[in-house]
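Remarks on the structure that follows.
What follows draws every value from the coordinates through simple rules; no lab data is involved. Just so you know, these numbers come straight off a predicted model, no measurement behind them. Cβ atoms come from the backbone with ideal geometry, glycine included; neighbour counts cover every protein chain shown.
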């Protein structure tokens, strides 16, 4: 999301991004193919994504989180501010949908337990959004007009976006860990299906790793441009 609008006069500095770009392409391919594969595999017990999420929340004693449907593919997410878990395919009985639903329920568990990385990520969302939108315009305007304070503000603004992607990593991996533990303890899926769930969640996790790598390397690129100019 940070690549849009990059100017073409950066020269060889843009080559810094190539490893992260390759990882991002692979991650998108991996999550798309893995999700599609296990979307065709029905759980032996006929458990739906909605039922899986409800069971995980109930097992944790969480009663103040509502579950809603949302349009889109893999648009599932947990909103800690509204305490709403949104599922893209709540009635699906596929292993993929169940895995994703319990992953999002894992975020609700994190919220309930005050998981610090989630609390930090939630608190910096507004600043990270502003930082990601303003960083490049501020940086390159400052660079063009040789106004170093503006360049510095741009770098600091983008650093907030980088921080967000880095904090996201433990949040997502921990939610997947909680999902696997919950599925195993409740018996909603068998061991073979649990292995498939792990594949789906690992593929999804790669997209967050790729995003963090891209953001970090973009920050390196900005620092390199600032130093050279």
**Study point:** Neighbour-count order for 103, 111, 77, fewest beta carbons within 10 angstrom listed first
**Key:** 77, 111, 103
**Study point:** 116, 30, 198 arranged by Cβ crowding within 10 Å, fewest neighbours leading
**Key:** 116, 198, 30
Review point. How would you rank 220, 189, 180, going from fewest to most other Cβ atoms within 10 Å of each one's own Cβ?
Key: 220, 180, 189
Review point. What 222 nm value per residue comes from the helices of the chain, counting each DSSP H run with n ≥ 4 as -39,500 (n - 2.57) and dividing by all residues, nearest 500 deg cm²/dmol?
Key: -24500 deg cm²/dmol
Point to revise | Helix axis angle, 191-228 relative to the chain longest principal axis, alpha carbon, degrees | key: 10 degrees
Check your understanding: In a GNM of the chain with a 10 Å cut-off on Cα contacts, which of 85, 169, 134 has the highest mean-square fluctuation?
Key -> 134
Practice item. Work out the FRET efficiency for residue 33 and residue 166 from their Cβ-Cβ distance, taking R0 = 25 Å, and round it to the nearest 0.05. Key: 0.40
Practice item. Calculate, for residue 191 and residue 64, the FRET efficiency according to 1/(1 + (r/R0)^6) with r their C-beta to C-beta distance and R0 45 Å; round to the nearest 0.05. Key: 0.90
Check your understanding: Cα axis of helix 18-39 to longest principal axis of the chain: angle in degrees, 0 to 90, nearest 10?
Key -> 20 degrees
Exercise for review: Round to the nearest 10 and give me the degree value, 0 to 90, for the angle of helix 49-59's Cα axis relative to the longest principal axis of the chain.
Suggested key: 80 degrees
Check your understanding: What's the FRET efficiency of residue 42 with residue 21 using the Cβ-Cβ distance as r and R₀ = 22 Å, to the nearest 0.05?
Key -> 0.05
Review point. Shape call for the stretch 88-131 from the C-alpha gyration tensor, a ≥ b ≥ c root eigenvalues: rounded (a/c under 1.5), prolate (a/b greater than b/c) or oblate?
Key: oblate
Check your understanding: Under the classification rounded if a/c is under 1.5, otherwise prolate if a/b is larger than b/c and oblate if not, where does the stretch 11-228 fall, given a ≥ b ≥ c as square roots of the Cα gyration tensor eigenvalues?
Key -> prolate
Check your understanding: Comparing 48, 102, 152, which has the greatest mean-square fluctuation in the GNM of the chain with Cα pairs linked when under 10 Å apart?
Key -> 152
Study note, to complete from the structure: Quick shape check on the stretch 130-218: root eigenvalues a ≥ b ≥ c of the Cα gyration tensor, a/c under 1.5 is rounded, otherwise prolate if a/b tops b/c, else oblate, and it reads prolate
